[in-house]
Amino acid sequence: MSSSPLLTPERAVTVIGLGPMGRALAGAFVAAGVRTTVWNRTPGRDRELLAQGAIGASSAAEAVAASPLTVVCLVNYDASDAVLRQEAVASALKGRTLVNLTADTPGRARDTGRWADAHGIRYLDGAIMTPTPTIGTPHAVLIHSGPGELYREHRPVLDALGGTHTHLGEDVGRAAAYDIALLDIFWTSMAGYVHALAVAGAEGISPRELAPFAQGIGAILPPLFQEWAEDVESGGYSGEGNPLTSAVSSMTHIVHTSEAHGIDAGVLRAAEGLARRTVGLGHGTDGFSRIAEVLGRR
């Protein structure tokens with residue numbers, strides 16, 4: 001009886017880091033029939049994966065030596081450096097491919113790329129843009145950067161993670177740059193939402209009462225994202241529908257209402273300050289997108 005092509009050595013992967021996302025990645029590989037070796041700094045997190053058919057390793061060096069491809073997913077690059085830059089691990093990785101899905105800064109990604117190159121390690125960086133439950137489903141979104149040929153070589157195995165994969169270019173830090181920019185949108189939005197819940201609550205509006213209207217506000221944003229992207233790229237910064245002077249007035253009302261209830265308005269005060277600064281530079285009739293240009297000035 002011939003073995004499945006998914007079980008040949010070329011269709012093998014090692015996963016380093018078995019937090020919730022790491023376990024999801026490893027589980028998706030196992031479910032796709034890819035021979036999957038796992039290792040985690042804290043013992044015991046591999047039990048369910050081993051029961052599903054994953055192979056446990058006693059050390060990180062043993063783990064990376066087991067596969068031509070290693071996928072790392074840890075909390076940050078301090079954690080991944082502590083594992084990968086051990087002499088035994090770096091030696092075992094030589095000539096193999098490392099895909100680092102650990103979140104950190106573009107600068108750290110480029111530094112790791114240089115380290116990998118100096119040690120003969122083939123390196124791709126990447127980021128996971130969707131929550132843990134999406135991994136292995138059509139809803140997963142992953143971005144990658146680094147040598148295109150290397151990405152294409154390992155794409156058949158990476159496809160086991162499901163969803164959409166996008167290669168963003170040869171610059172190994174580009175995926176992390178996208179990740180930082182997109183997380184900026186997410187966390188700024190989440191900060192605004194929890195602040196809104198606090199202000200609404202102070203005015204006697206329950207979270208459940210506000211939520212449907214908040215979703216309506218959220219639905220307004222995607223067209224604005226595209227419109228403002230075109231504004232910034234073209235240098236148009238149209239304020240015809242809502243000039244910055246109007247935005248400043250609106251933000252001031254929110255700050256005053258928040259502080260009247262003793263609610264910290266520091267985040268919005270910072271945004272209001274940027275808007276006022278931009279108006280002061282003579283851009284009061286421009287749109288809110290003009291602030292991106294002001295922030296980018298050297």
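What angle, in degrees between 0 and 90 and rounded to the nearest 10, separates the Cα long axis of helix 207-234 from the longest principal axis of the Cα atoms of the chain?
Between helix and principal axis, roughly 90 degrees.
Kindly work out what percent of the DSSP beta bridges joining two residues of segment 9-170 are antiparallel, to the nearest 5.
Just about 15 percent of them are antiparallel.
Kindly identify segment 9-170 as rounded, prolate or oblate by the Cα gyration tensor criterion: order the square roots of the eigenvalues as a ≥ b ≥ c, call it rounded if a/c is under 1.5, otherwise compare a/b with b/c, prolate if a/b is larger, else oblate.
Here segment 9-170 falls in the rounded category.
For the chain, what does the relative contact order come out to in percent, with C-alpha contacts under 8 Å and a separation of six or more?
Here the relative contact order equals 11 percent.
Nearest 20 debye, what's the magnitude of the dipole of segment 9-170 about its Cα centre given +1 on Lys and Arg Cβ and -1 on Asp and Glu Cβ?
The calculated dipole for segment 9-170 is roughly 200 debye.
Classify segment 167-254 as rounded, prolate or oblate, taking a ≥ b ≥ c as the square roots of the eigenvalues of its Cα gyration tensor: rounded when a/c is under 1.5, otherwise prolate if a/b is larger than b/c and oblate if not.
oblate
Tell me which residues come under 5 Å, amide H to amide H, from Thr14 once H is placed; ignore anything under 5 positions away on its chain.
Residues meeting the amide H criterion: Thr37, Leu69, Thr70, Val71.
Give the angle, between 0 and 90 degrees and rounded to the nearest 10, that separates the Cα long axis of helix 148-158 from the longest principal axis of the Cα atoms of the chain.
80
So if I take the centroid of the Cα atoms in segment 154-192 and the same for segment 86-126, what is the distance between those two points in Å?
17
What number, in percent, do you get for the relative contact order of segment 9-170 if the mean sequence gap of Cα pairs under 8 Å and at least 6 apart is divided by its residue count?
So the answer I get is 20 percent.
Order these by the 10 Å Cβ neighbour count, fewest first: Ile128, Ile16, Ile185.
Ranking Ile128, Ile16, Ile185 by Cβ neighbours within 10 Å, fewest first, gives Ile185, Ile128, Ile16.
Applying the Karplus parametrisation 6.51 cos²θ - 1.76 cosθ + 1.60 with θ = phi - 60° to the phi angles of segment 267-282, what ³J(HN,Hα) value in whole Hz is obtained for each residue in order, glycine and proline being reported as x?
Per-residue couplings from phi come out as 5, 6, 4, 5, 5, 4, x, 4, 5, 5, 4, 5, 4, x, 7, x Hz.
With Cβ to Cβ distances under 12 Å as the rule, what net charge do the other residues near Tyr178 carry (K, R +1; D, E -1)?
Around Tyr178, the charge tally is -3.
Quick one: 3J(HN,Hα) in Hz for segment 57-65, Karplus 6.51/-1.76/1.60 with θ = phi - 60°, rounded, Gly and Pro as x.
Per-residue couplings from phi come out as 10, 7, 8, 5, 5, 5, 5, 6, 6 Hz.
List, in order, the whole-Hz ³J(HN,Hα) value for each residue of segment 37-42 obtained from phi through the Karplus relation with A = 6.51, B = -1.76, C = 1.60 and θ = phi - 60°; use x for Gly and Pro.
Values, residue by residue: 9, 10, 8, 9, 4, 8 Hz.
For segment 206-295, what is the charge dipole size about the Cα centre, in debye to the nearest 20, if Lys and Arg each add +1 at the Cβ and Asp and Glu each add -1 at the Cβ?
280
Mind checking the alpha-carbon convex hull of the chain and giving the volume per residue in Å³?
Output value, Cα hull per residue: 177 Å³.
Grab the DSSP H runs of the chain that are 4 residues or longer, score each as -39,500 (n - 2.57), total them, divide by all residues and round the 222 nm result to the nearest 500 deg cm²/dmol.
Using -39500 (n - 2.57) per qualifying helix, the result is -16500 deg cm²/dmol.
Using amide H atoms built in the peptide plane, which far-off residues or other-chain residues are under 5 Å from Gly162 H to H?
Placed amide hydrogens put Gly136 under 5 Å from Gly162.
Select from segment 255-286 those trypsin sites (Lys or Arg not before Pro) which occupy a DSSP coil region and have at most 12 other Cβ atoms within 10 Å, ordered by residue number.
none
Report, to the nearest 10°, how far helix 174-202 tilts away from the longest principal axis of the Cα atoms in the chain, using its own Cα long axis and a range of 0 to 90°.
Roughly 50 degrees between the two axes.
Which listed residue (Ala260, His165, Phe186) has the Cα farthest towards the positive end of the charge dipole for segment 141-298, taking +1 on Lys and Arg C-beta and -1 on Asp and Glu C-beta about the Cα centre?
Looking along the dipole axis, the top candidate is Ala260.
Where both residues lie in the chain, what percent of DSSP beta bridges are antiparallel, nearest 5?
For the chain, the DSSP antiparallel bridge percentage is about 15.
Read-outs throughout are calculated quantities, based only on the coordinates presented, and are distinct from any laboratory measurement. Keep in mind that what you see is a predicted model, and the values were worked out from it rather than measured. Cβ: placed from backbone, ideal geometry, glycine included. Neighbour counts: every protein chain shown.
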